[in-house]
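Asks: The structure that follows is given in the form of structure tokens.
The values are calculated or read from the model by the stated rules, or taken from the named source; none is laboratory data. Since the model is a prediction, treat every value here as computed from it, not as a measurement. Heads up, the Cβs are rebuilt from the backbone with ideal geometry, glycines too, and the neighbour counts pull from every protein chain shown.
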Amino acid sequence: MVAGFGAKLVKEITGVSRMQLQHWDRTGIVRPSVSRGAGKGSRREYSFKDLVQLKVAKRLRDEGISLQKIRKALEFLRKNFPDVKSPLAELRFLTNGVDLFILTDRADLILDALKGQFVFSFALGAMIDSLQGTIKGLQVPREERISVGNEWFTAVLTPDLEDGGFTVVCREIPAAISQGETLQEALDNLADAIELCLDAEEELAKNKIQAR
């Protein structure tokens, strides 16, 4: 691979104009790392990594990110991440044309390069799946044991996903049905319904005996 690329070749490879190369060198956005071309007759020479940085800088400009924002982001990165010698070539950037973000090793953590702070990202699909799983779990009836008088009964509670609260029925006495805003209210109301059913059964039994 060529040790150093001259400005003319760099222009052809990257699409960055000679004026841009000079301005970006002067302002510190991308400086030629092989040779700065300080004296008369000397030339700027860029490394391959420099070419990558130039392409990234040009792409950010094409996407609407101003040179001021690019410079601000680079100043922050060079100050806070000194081990990253060539940020534009070593980091992964995201932009919406206004903001400039950098991907990290964590899928849920992104660096806002303009504000100098981390922001969290999340996968909408995973969130939807989680919500659907939660709702599905809520739809599964749950059972509770309740005591009425000297007997124990099984209360089957089903969440009301539209209006909230619970619908509850007694497994041993299907005619005992009630509801409540809270779990305890539903159980208390079912206990009353069971007691009414038991009283009705007892009254019916008495009437049958009297009718004999």
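Asks: Is at least one residue of the range 54-63 surrounded by fewer than 16 Cβ atoms within 10 Å (Cβ to Cβ) and hydrophobic (A, V, I, L, M, F, W, C)?
Replies: Checked against the condition, which is being surrounded by fewer than 16 Cβ atoms within 10 Å (Cβ to Cβ) and hydrophobic (A, V, I, L, M, F, W, C), the range 54-63 yields no hits at all.
Asks: Across the range 153-209, what is the total count of residues that are of a type outside the set (Phe, Trp, Tyr) and touching a helix residue (DSSP H, G or I) at 6+ places or on another chain (Cβ under 9 Å)?
Replies: So the count comes out to 18.
Asks: Can I ask one more? If a residue must be at pLDDT below 85 and part of a strand (DSSP E or B), how many such residues does the range 119-156 contain?
Replies: 2
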